[in-house]
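Participant: Attaching a single structure in structure tokens format; questions to follow.
Every read-out reported here was derived from the displayed coordinates using simple, explicitly stated rules and does not represent laboratory data. Note that the coordinates shown come from a computational prediction; the quantities given were computed from them, not determined experimentally. We place every Cβ from the backbone using ideal geometry, glycine too, and count neighbours over all the protein chains shown.
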Amino acid sequence: MPYTLIIGNKNYSSWSMRAWLLLKFAGTPFEEISINLYSGDSQSKVKALGGQTGLVPVLKSGDTTVWDTLAITEFLYESFPKIWPASSQARARARSFCGEVHSSLSHLRDAMPMNTRGRHRQAPITPDVTNEVQRVSDIWTYCAENYDGPWMFGEFCGADIIFAPLASRFLTYDVTLTGVAYEYQQKLLAHPLVVEWFELGLKETACIEKFELPGIK
């Protein structure tokens, strides 16, 4: 197979989800190697497979090894242009929005750890978390109002994939969206590739306690 993807637990690893969805969306075959995260030797295992930071995901193609999800996205784009919108203006906007996910939203991520099979979990909602949830909602609303089609930039693309784990987090922690942002979230959660990832996560038995926040009583 031309690609090998090293990922973490499907239930807990949001960046692994993105890389896996990208390859599935590209329609290219790949070998998958799964590493159980937060075990004593997980980072050393990833490093042994070529991921220099010890973090997942890692993509290998021949003699080339790429780590970090945005780097993987750009690497795959060179072979699969549908990963980004066709318009240069839309590509620039898509990359800007995805850059926000990559470099910010830290309060949201810390408060709402990824847990695709979790439901009705309690997260500590601070003003910073509320502001970042609103920012995601604003981005989805902006796209719905400025681009024709059901997805962020009309056709399904890498931007939708980068935002998919946020839609999952909002489901896990009962974050209530409204209007077109809510409608978009529901479409994203129902996308066949997202549904497939969720189903695979349900089959996992590993439990990472720090990502299992208590349920609503």
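Participant: In what order do Arg117, Arg93 fall by count of nearby beta-carbon atoms within 10 Å, going from fewest to most?
Facilitator: Listed from fewest to most nearby Cβ atoms, that is Arg117, Arg93.
Participant: Give me the Å³ per residue figure for the convex hull around the C-alpha atoms of the range 85-201.
Facilitator: 95 Å³
Participant: Quick check: pseudo-label points 7 Å beyond the Cα along Cα→Cβ at Ile216 and Arg119, how many nm apart are they?
Facilitator: 1.2 nm
Participant: I've got another one for you. Could you work out the local net charge near Leu5, counting Lys and Arg as +1, Asp and Glu as -1, over the other residues with Cβ closer than 14 Å to its Cβ?
Facilitator: +1
Participant: Where the only charges are on Cβ atoms (+1 Lys, Arg; -1 Asp, Glu), what is the dipole of the chain about its Cα centre, to the nearest 20 debye?
Facilitator: Here the size comes out at about 280 debye.
Participant: Straight-line reach from Lys45: which lysines have a Cα under 19 Å away, not including same-chain ones fewer than 8 places off?
Facilitator: Of all the lysines, those that pass the test against Lys45 - Cα under 19 Å, at least 8 places apart if same chain - are Lys10, Lys60.
Participant: On a straight-distance basis, which aspartates and glutamates could pair with Lys24 in a cross-link, Cα separation under 12 angstrom, same-chain partners fewer than 8 positions away excluded?
Facilitator: Glu32, Glu196
Participant: Something else now. Excluding Thr116 itself, calculate the net charge of residues whose Cβ lies under 15 Å from the Cβ of Thr116, where each Lys or Arg counts +1 and each Asp or Glu counts -1.
Facilitator: Residues near Thr116 contribute +3 overall.
Participant: Going by C-beta contacts inside 10 Å, put Met114, Met152 in order with the fewest on the left.
Facilitator: Met114, Met152
Participant: Net charge around Arg169, counting only other residues with Cβ within less than 10 Å of its Cβ (Lys, Arg = +1; Asp, Glu = -1)?
Facilitator: Once positives and negatives cancel, what remains is +2.
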